[in-house]
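Coordinate-derived values only; no laboratory data. Computed from a prediction, not measured in an experiment: that's the story for all the values here. Cβ placement follows ideal geometry from the backbone for every residue including glycine, while neighbour counts extend to all protein chains displayed.
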């Protein structure tokens, strides 16, 4: 089975994304991950463009030993000289040179005739060949070029010593059928084509970069130039993860393979996103947050019975541990119970389950989707191992930088009586706690308080954990010792979460105190 070489240009073309500038250490960090995952060629930068790019290419050439390291140049001797210098430490150096072939580029950008451009390209290949064996040539804007002229250029640079021909759809203009026909025409009409590797470099201006790259492979290309997450100039480049997983998942169709360890894909996607500051859109193929998430009840049912009903890729194949079942109000009781059991919560008491379901619906209405960590917080909040003396009915706060924080709380006692009170405090949570204390009347001291977001997003569920201290009489001694009671609560409103945590701790204190009295112990 033929091999397709993966040429990663995240550090060159990918870095041309607005705002995606990387430091040399950051580039090296990405390069090491690319090497580990089995990328064949790393285009480390454009050495003459800046001292930083030169340093990045030089550093990566020195540190990365298992990949071909490539430097981009224009078809100019001074560019090639700088690239040669930067690539000197490389175990396997490649110079990537070229210039435009479309009439648009020749007339408006280069201001050269076809013959002048051809001569300059041949001279650049011959000059680069003096220094490195591996020379890749790019006829820029090949997708809009006259095919007959393109064939002439390619034949000439092959004769001059090029080892790889990079055919770029520079503007993302070409449709997959056209692009496939262009590559097929090159394979059938260029003399000496069997001596070189044909590569495709596609842009995503019309959203067809991956489709074009795959069409190129079907018609004889054996190298794909791509970037992690598809980042790059304008609308980006062919996404490495999409091409690799398409070739792997549909190997029966494409009949080729790659060297990529696909289990590294998710990790390198997150690393590139983190370092460039470019987020991965949720519905991005392969690596988006929703790529292996199921919200529809019908889909959930199918996937839970047999993964392949709705998943053509095993998430573990790209380094994602499991599919994510995203529950919503549409999931119903059956979907909720099934997911709770998968998380280890076997809830036999139907009353308890119904309470969890009611809380689940309340969170689902606020968040639209409810993840595993939300469920864990809800269960922890509902499965209390004691009877509540007071139930929190209502919390209302008023605060601001020119207002005194004031809270009103309403509690329901176990006998059904409703109790309401208000107080002020140093902040909204302090005011809530003081108002609760006015009703409950149990002396205690708050010794620990923390709030954490346990799910992502602006609508995340906040979990509050607190510890309160109360004096506890000792039966055999005429003294008291402090005893700690913990409490926790969860809600999308952090003030409500804090109030629930406090009520949890107070109810635990009251329950244990009542149990001690019932057992005849002095309090």
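Placing dummy labels 7 Å off each Cα toward the beta-carbon, the span from residue 396 to residue 421 is 1.9 nm. For the chain, the longest principal axis of the alpha carbon atoms and the long axis of helix 332-342 meet at an angle near 80°. Remark: the residue 108-residue 469 segment gains 122.1 nm on full extension, using 0.36 nm per residue and subtracting the alpha carbon distance.
Out of all DSSP beta bridges in the stretch 2-276, what portion is antiparallel? Express it as a percent rounded to 5.
Percent antiparallel among DSSP bridges in the stretch 2-276 is about 5.
Between residue 184 and residue 404, the contour length at 0.36 nm per residue exceeds the alpha carbon distance by 71.6 nm. Overall dimensions of the stretch 2-276, expressed as equivalent-ellipsoid semi-axes from the Cα gyration tensor (√(5λ), whole Å, largest first), are 26, 23, 17. With a simple spin-label model that places each label point 7 Å from the Cα along the Cα-to-Cβ direction, the separation between residue 250 and residue 159 comes to 3.9 nm.
Here the alpha carbons of the chain define both size measures, Rg and Dmax, at 32.4, 106 Å. With viscosity 1.002 mPa s and temperature 20 °C, the Kirkwood radius over alpha carbon pairs of the stretch 94-148 converts through Stokes-Einstein to a diffusion coefficient of 185 µm²/s.
The mean of 1/r over all pairs of different alpha-carbon atoms in the stretch 1-103, once inverted, gives a Kirkwood hydrodynamic radius of 13.7 Å. Which whole-number percent gives the relative contact order of the chain, counting Cα pairs below 8 Å spaced six or more residues apart? 9 percent. Looking at the chain, the DSSP beta bridges with both ends there are about 50 percent antiparallel. Per the Cα gyration tensor, the stretch 56-193 maps to an equivalent ellipsoid with semi-axes of 26, 16, 14 Å, ordered largest to smallest. Between residue 270 and residue 205, the simple label model (points 7 Å from Cα in the Cβ direction) yields a spacing of 3.6 nm. For the modelled label position 7 Å from the Cα of residue 512 along Cα-to-Cβ, which residues of the stretch 385-406 have backbone nitrogen atoms closer than 16 Å? Taking a point 7 Å out along Cα→Cβ of residue 512, the residues of the stretch 385-406 whose backbone N falls under 16 Å are 385-389. Helix 494-518 and the long axis of the chain differ in direction by around 40°, with both axes built from C-alpha atoms.
Neighbour counting of Cβ atoms within 10 Å sorts the residues 420, 226, fewest neighbours leading, into 420, 226. Using only alpha carbons, the stretch 140-257 has a radius of gyration to Kirkwood radius ratio (Rg to Rh) of 0.96. Note the angle between two axes, namely the Cα long axis of helix 114-129 and the longest principal axis of the Cα atoms of the chain, as a number of degrees from 0 to 90, rounded to the nearest 10. Taking the Cα atoms of the chain, the angle to 114-129 is about 70 degrees. Given a Förster distance of 51 angstrom, what is the FRET efficiency for residue 1 paired with residue 333, based on the Cβ-Cβ distance and rounded to 0.05? Once the sixth-power term is evaluated, E becomes 0.55. Take every pair of alpha-carbon atoms less than 8 Å apart whose residues are at least six positions apart; their mean separation over the length of the stretch 2-276 yields a relative contact order of 21 percent.
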